[in-house]
Amino acid sequence: MVIAIDGPAGAGKSTVARAVAQRLGFTYLDTGAMYRCVGLATQRSSEPAATVARRIEIEVGERVLLDGEDVTEAIRAPGVSEAASKVAADPEVRQALVAKQQAIVADGDWVAEGRDIGTVVAPDAAVKVFLHADPEERARRRAAQLNLDPQDVLAKQRTRDERDSSAGRSTLQAPEDATPVDTTGLTLDEVIDQVVTLAIEAK
Ligand code: C5P
């Protein structure tokens, strides 16, 4: 069974997906971490992003391993967020990563989080949730999490939202078959409860 959690940057996807997976005994898949690995590896390489995406070995679990190197912290740097969002606009990069992601979720029970899980990676997912929140709220959360300036985060988030929304990747609107959950003003537990309830109903 796959629970797909999609939505824009800072909507709380990672925290919610991780907690839902823990409650249900499912495995959590952070697909953003995979794009971040390609972004980081591309920054370090002279090869095009698509070549890098096909070549590198990525392991996403408790720790994120890029060709065996622990990059769990390195991929969270603001420069890597930027690089990830850029490489994610390349259809060949997406093709390579979607293939890896589909192979991962083919067996077992998963909570997969990203931008295109319910639409592309797992269109048959049993539960599809679209998490969103006001832009200011998303920027405030991310700034608090990473100890950055909220205004600066908001400006960069706007650019990233625009890029993520282009190239046929509408990440700011819920697809028709997903349940939209506006997390603005909700506590984390309230959001987790809503998603867990949807999962139990779908079982
Ligand atoms: O979710 P996170 O911020 O870690 O994702 C990093 C970047 O990877 C996003 O800005 C987005 O451009 C890209 N991404 C994507 N598709 C996914 C997951 C992430 O395009 N399924």
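The values are calculated or read from the model by the stated rules, or taken from the named source; none is laboratory data. Bear in mind that the values here come from a model prediction, so they are computed numbers and not experimental data. As a convention, Cβ positions derive from the backbone with ideal geometry for all residues, glycine included, and neighbour counts pool all protein chains shown. Keep in mind that these areas ignore ligands, DNA and RNA; they rest on the heavy atoms of the full protein, side chains included. Shrake-Rupley method; radii C 1.70, N 1.55, O 1.52, S 1.80 Å.
Taken together, the residues in the stretch 106-121 that are within 12 Å of the ligand (Cβ to nearest atom), surrounded by fewer than 23 Cβ atoms within 10 Å (Cβ to Cβ) and of a type in the set (A, V, I, L, M, F, W, C) amount to 1. Sort out which residues of the stretch 39-65 are touching a Leu at 6+ places or on another chain (Cβ under 7 Å) and open to solvent by less than 10 Å² (accessible area, probe 1.4 Å), and write them in order of number. Matches in the stretch 39-65: A53, I56.
For first residues located in the stretch 70-93 and on the phi > 0 side of the Ramachandran plot, partners that are among the charged types (D, E, K, R) and open to solvent by 40 Å² or more (accessible area, probe 1.4 Å) and lie 6+ apart or on another chain with Cβ distances below 7 Å do not occur. So, Q145, is that one open to solvent by 70 Å² or more (accessible area, probe 1.4 Å), within 13 Å of the ligand (Cβ to nearest atom) and closer than 22 Å to E82 by Cα or not? The answer is yes for Q145.
On the basis of being over 26 Å from K203 (Cα atoms) and either in contact with a strand residue (DSSP E or B) (Cβ under 8 Å, 6 or more places away or on another chain) or modelled with pLDDT of 95 or more (or both), does V38 make the cut?
The answer is yes for V38.
Evaluation of A11 against the conditions (1) among the hydrophobic types (A, V, I, L, M, F, W, C); (2) open to solvent by 60 Å² or more (accessible area, probe 1.4 Å); (3) touching a helix residue (DSSP H, G or I) at 6+ places or on another chain (Cβ under 7 Å) shows that the sole unmet condition is (2).
Across the stretch 66-88, the number of residues qualifying as open to solvent by less than 40 Å² (accessible area, probe 1.4 Å) and near the ligand (Cβ under 10 Å from one of its atoms) comes to 8. Annotation note: of D109, D116, D124, the sole residue that is touching a helix residue (DSSP H, G or I) at 6+ places or on another chain (Cβ under 8 Å) and over 13 Å from G32 (Cα atoms) is D109. Filtered by the rule that a residue be surrounded by fewer than 18 Cβ atoms within 10 Å (Cβ to Cβ) and polar (S, T, N, Q), the stretch 177-188 gives T179, T184, T187.
Here's the yes/no breakdown for (1) touching a Cys at 6+ places or on another chain (Cβ under 6 Å); (2) charged (D, E, K, R):
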{"site": "D30", "(1), (2)": "no, yes"}
{"site": "L40", "(1), (2)": "no, no"}
{"site": "A50", "(1), (2)": "no, no"}
{"site": "I58", "(1), (2)": "yes, no"}
{"site": "R63", "(1), (2)": "no, yes"}
{"site": "E69", "(1), (2)": "no, yes"}
{"site": "T72", "(1), (2)": "no, no"}
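If you check V153, V196, V129, V191 for being modelled with pLDDT of 95 or more, surrounded by 14 or more Cβ atoms within 10 Å (Cβ to Cβ) and under 30 Å from E92 (Cα atoms), only one passes: V129.
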